[in-house]
Amino acid sequence: MQHAFDLKDITKHFGAVKALNGVTLHSDEGKVFALLGPNGAGKTTIVRILSTLLEPSSGSALVHGLDVVKKPKEVREIIGLAGQYAAVDEFQTGFENIYMVGLLYGLKRADARKRSHELIERLGLSKAADRQVKTYSGGMRRRLDLGASLVGQPKILFLDEPTTGLDPGSRQSIWQIVHELIDQGTSILLTTQYLEEADELADTIAVVDEGKVIAEGTSDQLKSRLGGDTIEFQLESIKDLSSAEEVVKSVAKSSPDFNQDTLVMRIPVHNGSKDLMVLVEKLNRAKLNVNALSLHRPSLDDVFLALTGNRTQSQESEQPKNKKRMKR
Amino acid sequence: MNFLGAVRDTWVMSVRNLRRYIRLPQLLFFSSVQPIMFLLLFNYVFGGALGSSVRIPGIKYIDFLLPGILVQMVMFGGVQTGIGLADDMGKGIVDRFRSLPMSRLAVVAGRTFADVVRNLTVIAIMIAVGYLIGFRFNSALAALGMVAIALLFGYALSWVFAFIGMMAKDSETAQLASFVFIFPLTFASGVFVPIQTMPSWLQVFVRNQPVTFIAEASRQLALGVNEQGAIWKTIVWVIGLLAVFVPLAMWQYKRRVS
Ligand SMILES: Nc1ncnc2c1ncn2[C@@H]1O[C@H](COP(=O)(O)OP(=O)(O)O)[C@@H](O)[C@H]1O
Ligand SMILES: [Mg+2]
């Protein structure tokens, strides 16, 4: 089987900044590959090299067997790119944006029109199709951008942080579209800062940090290295400790952790949402009152803690939002 | 990239850029209200004082002014080329264009072609307003010649400003950089007043800078003056500017990482 993309020993330097330090990765056709990493890890640089926007400093990069440096024109004919920031014109309507890109892919007018209408419909933008994009929400722009990247019917799609900064509803609708593409057999390379997203969409995940791949495998393989989900709650009184310990025993994967000062108990579990429901029922039956009951899924931070022993460096504005989202 | 494909892509990009002119109110203002304002202000505010110094018998100030002010307007229009490209370069949209199997020339060529269409509209508006306040062409052929000169010069300038716009780090810088040399070139020229009225040290500059003789060529065509020196000089300048700035702009477009 042909590789959807193939990176061998790729390095990229911007002056003194070493954005990529020897990246070797490949993915099979029809599969979804996720690059997971914090801000500045080098994800966008990899996507830009594969989509012919940047030439690597050294190493080779192939897309469907075509060298991106030697055959950029051929590569551009088979790829679709939805960059990190929605690349759409504010002053054009949603339809005009997609139609324009269709024409630039070389489609005939009638075909471009037909495909654009189909995509608009499929992306749930029919009502807004004839409105200028400046009236669109962030989620709508992202969907439109995705539409533009699909109008040329690419063999491989690059999605650079497709849901960063979106509300949960918009995220869900992007995921749904990506699922449809997966079902159609499109090869996809996506980048993300959310473990949850890579878990939801990807066949294979590569964790990147400081321009290097530090782990690669399926989502299950990665998660087994992480310890999985935890449930957290706070006791009302230290007197409840022994009965609480008794209650959580049945769901705990390993021994729970208890903080004497904050009265917060953390319980590692196998299956977060199911175990949470079981636990709630048991707490009720034992007539134990607890505060701030919550489920924690491993975040990117936890991945890094597990892989490198370091927390990530990405303390940008989106981080707090991200954290909150991880709690369920 | 085959030639027809490049033409098609350029057309697609031109349509896109024309939409921007029509839909962004500030751009529509710069292309329609501003030129009319300039024409009326200069004609009525300065016209009274300056008219008497235009000592070509039988020529009204508006006949002197209009052909020159057209040249100024295509220069101001060129600044918008630079600003528009600087704006695009700073946004994700250029990444999209670069990732498409389209002609590389089309992004810039579509921009400069849209500006020809825009300039044509501006020129038509100004001539119409000019006619209302007394401007008259010498002949229909003269009219065509004058419009052609202004359009050609405007087109060549669009490539100059395209290059400047893509060198600048953002659209504000592009605007500043453009106006820094556009103001002296348009005002220290023969556009508004006859050169003889200026101090002699200034005349040396004014006589030798292109805007002066391009305005002169435009005026000669409009008035039907039978003398072609300025017209030939203009054509040489247009060709020269294109020969230098088309490759420079393309080089900068390919080079610049957004
Ligand atoms: N054009 C550029 N010039 C200089 N440094 C850059 C450029 N693009 C990216 N970098 C640097 O390369 C590193 C990787 O960036 P990037 O690939 O954008 O990371 P990510 O997408 O994972 O957040 C960062 O340190 C970034 O600052
Ligand atoms: Mg990035």
* Asked: Out of all the residues in the stretch A:84-96, is one or more within 25 Å of the chain's Cα centre (by Cα), without any contact (Cβ under 8 Å) to a residue 24 or more places away in the chain, facing chain B (nearest Cβ under 7 Å) and buried (at least 16 other Cβ atoms within 10 Å of the Cβ)?
  -> yes
* Asked: Counting only residues that are more than 8 Å from every other protein chain (Cβ to nearest Cβ) and either basic (Lys, Arg) or touching a helix residue (DSSP H, G or I) at 6+ places or on another chain (Cβ under 6 Å) (or both), how many does the stretch A:98-115 have?
  -> 9
* Sort out for me the helices (runs of 4 or more DSSP H) sitting completely within the stretch A:17-132 that have 3 or more residues that are touching a strand residue (DSSP E or B) at 6+ places or on another chain (Cβ under 8 Å) and within 16 Å of ligand 1 (Cβ to nearest atom). => A:43-50
* Asked: Can A:Ser51 be described as surrounded by fewer than 24 Cβ atoms within 10 Å (Cβ to Cβ), polar (S, T, N, Q) and within 14 Å of A:Asp6 (Cα to Cα)?
  -> no
* Structure fact -> A:Arg142 vs (1) touching a residue at least 40 places away in the same chain (Cβ under 8 Å); (2) touching an Asp or Glu at 6+ places or on another chain (Cβ under 9 Å); (3) over 23 Å from B:Ala6 (Cβ atoms); (4) not in a loop (DSSP other than H, G, I, E, B): all pass except (2)
* Would you check if A:Thr44 is within 16 Å of ligand 2 (Cβ to nearest atom) and under 23 Å from the mean Cα position of the chain (by Cα)? => yes
* Output the residues belonging to the stretch B:1-33 that are closer than 19 Å to B:Val94 by Cα, loosely packed, with under 14 Cβ neighbours inside 10 Å and under 18 Å from the mean Cα position of the chain (by Cα). => none
* the stretch A:109-139, residues that are of a type in the set (Lys, Arg) and touching an Asp or Glu at 6+ places or on another chain (Cβ under 7 Å) -> A:Lys134
* Structure fact -> If we take the stretch B:10-112, then helices (runs of 4 or more DSSP H) inside it with 1 or more residues that are more than 14 Å from chain A (Cβ to nearest Cβ) and farther than 24 Å from A:Tyr85 by Cα are B:25-41, B:47-51, B:61-89
* Does at least one position in the stretch A:47-68 carry a residue that is among the polar types (S, T, N, Q) and without any contact (Cβ under 8 Å) to a residue 40 or more places away in the chain? -> yes
* Asked: Pairs, please: C-beta under 7 Å, at least 6 apart or cross-chain, first residue among the small types (Gly, Ala, Ser) and in the stretch A:209-220, second surrounded by 16 or more Cβ atoms within 10 Å (Cβ to Cβ) and outside any strand (DSSP E or B)?
  -> A:Gly211/A:Gly42; A:Ala215/A:Leu222; A:Ser219/A:Ala198; A:Ser219/A:Asp199; A:Ser219/A:Ala202
* Which one is farthest from B:Phe38 (Cα to Cα), of the residues in the stretch B:180-198 that are of a type in the set (Val, Ile, Thr) and within 16 Å of the chain's Cα centre (by Cα)? -> B:Val180
* **Check on A:Gly40, open to solvent by 20 Å² or more (accessible area, probe 1.4 Å), farther than 30 Å from A:Lys223 by Cα, more than 14 Å from chain B (Cβ to nearest Cβ) and out of contact with any helix residue (DSSP H, G or I) (no Cβ under 7 Å at 6 or more places or on another chain)** => no
* **Matching helices (runs of 4 or more DSSP H) fully within the stretch A:190-286 where at least 2 residues are within 16 Å of ligand 2 (Cβ to nearest atom), within 14 Å of another protein chain (Cβ to nearest Cβ) and open to solvent by less than 30 Å² (accessible area, probe 1.4 Å)** => none
* Asked: Of the residues that make up the stretch A:64-75, is at least one within 14 Å of ligand 2 (Cβ to nearest atom) and touching a Pro at 6+ places or on another chain (Cβ under 8 Å)?
  -> no
* Residues that are surrounded by fewer than 18 Cβ atoms within 10 Å (Cβ to Cβ) and within 19 Å of B:Val45 (Cβ to Cβ), drawn from the stretch B:169-187 -> B:Phe183, B:Phe187
* Counting just the residues of the stretch A:3-16 that are open to solvent by 10 Å² or more (accessible area, probe 1.4 Å) and either touching a residue at least 24 places away in the same chain (Cβ under 8 Å) or more than 15 Å from A:Glu210 (Cα to Cα) (or both), which one comes out farthest from ligand 1 (Cβ to nearest atom)? -> A:His3
* Structure fact -> When the stretch A:142-160 is checked residue by residue, the ones that are within 21 Å of A:Pro38 (Cα to Cα) and away from every other protein chain (no Cβ under 12 Å) are A:Leu159
* To do: Just one of (1) more than 14 Å from every other protein chain (Cβ to nearest Cβ); (2) open to solvent by 60 Å² or more (accessible area, probe 1.4 Å); (3) away from ligand 2 (no atom under 16 Å from the Cβ) trips up A:Ser57, so point out which.
  => (1)
* Asked: A:Glu197: acidic (Asp, Glu) and touching a helix residue (DSSP H, G or I) at 6+ places or on another chain (Cβ under 8 Å), yes or no?
  -> yes
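The values are calculated or read from the model by the stated rules, or taken from the named source; none is laboratory data. Just so we're clear, the structure is a prediction, and the values are computed from it rather than from any experiment. Note that each Cβ is placed from the backbone with ideal geometry, even for glycine, and that neighbours are counted across all protein chains shown. With ligands, DNA and RNA removed, areas are computed over all heavy atoms of the protein, side chains included. Shrake-Rupley method; radii C 1.70, N 1.55, O 1.52, S 1.80 Å.
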